[in-house]
Amino acid sequence: MTELSTDLRETVRQRYAAAAVQVAEGGSACCGPAAIETDDNFGSALYTGAEREDLPADAVAASLGCGNPTAVADLNEGDRVLDLGSGGGIDVLLSARRVGPAGRAFGLDMTEEMLALALANQKKAGATNVEFLKGTIEAIPLPANTIDVVISNCVINLSTDKAAVFAETFRVLAPGGRIGISDVVAEDTLSPVQRAERGDYVGCIAGALSFTEYRAGLKAAGFTDIEITPTHQVADGMHSAIVKAAKPRTTDTGTAGGAAAASGRGARGGASDGERADGGRMEDGGRRTDEG
């Protein structure tokens, strides 16, 4: 990772950590001195009133996404769901209800403060089929072929290594698995400089891929049945979009996607188990162990 990429990641981490603390102290992630700047195109307003009412207030207050991925993801009873960049846990908790007690919803976040907030929200919601993990979306701490659906809400655009995110998402998905993602996507006519002029990196604008780049990145990772559908404009030439794609039920290890699945996380050092936010470990097949 370059020094610039490291600096950008730390900037993102600091801003979202501050937003989590602000919510925990009774505020909102989108208001106040440490806030992430948002408008009606982002946040809890994109969820239905019924969804908001049934969740802990802090999970709603911490919502900073550009869509509602649980409304478009194909979730079924018994599915194993992973939310990339789970924040305060709103999409994890909603997914947990959709998949039922036979399923499981995982949330992955790199920010200690957001994970603490998510765990508190899980306790308030009484969700028992939920697990939060600490880590980055470029090196997902879960075994290969163990997730049925990956969701994410305006987080992939924050990554400085989107190719790694797509490869890791493909790796953890079981054959036939799918993604249902909300993200900010730029019109193909906008250059990276023009995207940066429309907003900062932390605000989900400057790091956005174009429609063509997004589709090419998913295809290179091995995904098929790719659909990218704009839903509403968030800045001039920038759109919130629903991104859907699938991992083939059979993969050819001679292809880019097949090679990514066969090699695990390669140079990113993927272990077969990952750190749970509550201090335990998550092992192969979704089994949990507790340390100490």
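Please treat every number below as a calculation from the coordinates, not as lab data. On a predicted model such as this, the values are computed, not experimentally measured, just so you know. Note that we place each Cβ from the backbone using ideal geometry, even for glycine, and neighbour counts take in every protein chain shown.
Once the convex hull of the C-alpha atoms of segment 72-207 is built, how many Å³ does it hold per residue, rounded to a whole number?
Values: hull volume 14.6 nm³, N = 136.
About 107 Å³ per residue, rounded to a whole number.
Using amide H atoms built 1.01 Å from N in the peptide plane, name the residues 5+ places from ASP183, or on other chains, whose amide H lies under 5 Å from its own.
When sequence neighbours closer than 5 places are left aside, the close amide H contacts are CYS154, ALA241, VAL243.
In terms of modelled amide H atoms, which long-range or inter-chain residues lie less than 5 Å from the amide H of VAL130?
Here ALA105 satisfy the definition.
Tell me, what ³J(HN,Hα) does each residue in segment 207-216 have, in order and in whole Hz, if you take phi through Karplus 6.51 cos²θ - 1.76 cosθ + 1.60 with θ = phi - 60° and put x for Gly and Pro?
x, 5, 7, 7, 4, 5, 5, 5, 4, 5
In whole Hz, with x marking every Gly and Pro, tabulate ³J(HN,Hα) for segment 224-229 from phi via Karplus 6.51 cos²θ - 1.76 cosθ + 1.60, θ = phi - 60°.
So the Karplus estimates, Gly and Pro as x, are 10, 6, 7, 10, 10, 10 Hz.
Calculate, for GLN194 and GLU112, the FRET efficiency according to 1/(1 + (r/R0)^6) with r their C-beta to C-beta distance and R0 35 Å; round to the nearest 0.05.
Numbers: r = 35 Å, r/R0 = 1.00.
Computed FRET efficiency for GLN194 and GLU112 comes out at 0.50.
Tally the DSSP beta bridges in segment 66-192 and give the antiparallel ones as a percent, rounded to 5. Provide the component values of the computation, followed by the final result.
Working: 1 of 21 bridges.
In segment 66-192, approximately 5 percent of DSSP beta bridges are antiparallel ones.
Taking the Cβ-Cβ separation of GLU227 and ASN145 as r and a Förster radius of 22 Å, what is the calculated FRET efficiency to the nearest 0.05? Present the calculation step by step, with values, prior to reporting the outcome.
Working: r = 23 Å, r/R0 = 1.04.
About 0.45, to the nearest 0.05.
By how many nm would the segment from ALA71 to PHE211 lengthen if fully extended, with 0.36 nm per residue of separation less the alpha-carbon distance?
Numbers: separation 140, 0.36 × 140 = 50.40 nm, distance 2.14 nm.
Using 0.36 nm per residue and subtracting the Cα-Cα distance, I get 48.3 nm.
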